[in-house]
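Asks: Before I ask anything, here is the structure I am working with.
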Amino acid sequence: MVTRLSFNLEDASQIAVGAFALAVPIGYTEEAWRLGETLPLANLIFLFVLSLFFLALYTYHSVFGDNIRARRIVFVARIIIAYTLTALVVALVLLSLNKLPLLEDPWLSLRRIIVITMPASMGAIVVDSFDKEEL
C-alpha cells in the first residue's frame, strides 16, 4: 500500500479553496476583526500553536495514515505550506474587505490574520485530504 504524499498544484488549490470556504464567513464578521484587536499576545500565540497542532494531528491521521516515520520532512513541510497558504487566503479576504491595514497597522493586520487563519486552516486541511485515499 502506497499513499500519494507529494505536494503539487492540485494540493495547493485544494488548500486555498478549503481556506476560502471558512475564511469568507468568518472574515466578514466584526467579532473576528475585534478579536484581532483585543486578544492578548499570549492568546494569539496560543491560537497559532493550536492551529499548527490541529493541522499536524489531522494531517498525521488523515493524509499520512499514521505512517510518517520516513517522511517527517514532508509531513512538517505540508503543515507549514498549509498554514502559510491559508494565511495568504485570509489576508486576501481581509484586504478585499478593507480590514487589513498592512501599511497603517501591520501588527493589527497580523493579529487579524492569526485569528481567522485558525478555523480557516482546518477547512484547508480537510479539503486537501479528500483525495488522499490509498492507491
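Asks: Residues in the stretch 60-74, backbone N under 19 Å from the label point at A12 (7 Å along the Cα-to-beta-carbon vector): list them, ranges by number please.
Replies: 74
Asks: Helix check for the chain. Which DSSP H runs span at least 24 Å along their own axis by Cα, with a mean Kyte-Doolittle hydropathy no less than 1.6?
Replies: Values: long enough: 9-27 (25 Å, 1.22); 41-58 (26 Å, 2.47); 72-96 (36 Å, 2.22); 106-129 (32 Å, 1.06).
Span-like helices, by this rule, are 41-58, 72-96.
Asks: Taking the convex hull of the alpha carbon atoms in the stretch 9-129, what volume per residue do you get, in Å³? Let's see the in-between values first.
Replies: Details: hull volume 11.9 nm³, N = 121.
About 98 Å³ per residue, rounded to a whole number.
Asks: Once you place label points 7 Å from the Cα toward the Cβ at T38 and D105, how far apart are they in nm?
Replies: 1.3
Asks: In the stretch 9-129, with Lys and Arg counted as +1 and Asp and Glu as -1 at Cβ, which of these residues, A56, Y28, Y83, has the Cα nearest the positive end of the dipole, that is, farthest along it?
Replies: The residue sitting most towards the positive pole is A56.
Asks: Suppose we flag GluC sites (Glu not before Pro) only when DSSP calls them loop and at most 15 other Cβ atoms lie within 10 Å. Which is the longest uninterrupted stretch of the chain? Numbers along the way, then the final one.
Replies: Working: sites that count: E104, E133, E134.
Excluding the exposed sites themselves, the longest stretch runs over 1-103.
Asks: Right, something else. Residue separation times 0.36 nm, minus the C-alpha to C-alpha distance between F48 and L97: what's the value?
Replies: The span from F48 to L97 would gain 15.4 nm if fully extended.
Asks: Given R₀ = 25 Å, FRET efficiency for S62-L88 by Cβ-Cβ distance, to 0.05? Mind showing how you got there, number by number?
Replies: Working: r = 23 Å, r/R0 = 0.90.
That pair, S62 with L88, gives E of 0.65.
Asks: Moving on. Magnitude of the Cβ-charge dipole of the chain, K/R +1 and D/E -1, about the Cα centre, nearest 20 debye? Present the calculation step by step, with values, prior to reporting the outcome.
Replies: Details: 10 positive and 12 negative charges, 70 e Å.
Result for the chain is approximately 340 debye, rounded to the nearest 20.
Asks: Of the chymotrypsin sites (Phe, Trp or Tyr not before Pro) in the stretch 7-57, which ones lie in a loop per DSSP and count no more than 15 other C-beta atoms within 10 Å?
Replies: On the way: sites: F7, F20, Y28, W33, F46, F48, F53, F54; in loops: F7, Y28.
Here the sparse-neighbourhood loop sites are F7, Y28.
Asks: Which trypsin sites (Lys or Arg not before Pro) from the stretch 68-98 combine a DSSP loop assignment with at most 13 other Cβ atoms within 10 Å?
Replies: Numbers: sites: R69, R71, R72, R78; in loops: R69, R71.
Hits after loop and neighbour filter: R69.
Read-outs: derived from the displayed coordinates by stated rules, not from any lab. Computed from a predicted model, the values in this text were never measured in an experiment. Note that we place each Cβ from the backbone using ideal geometry, even for glycine, and neighbour counts take in every protein chain shown.
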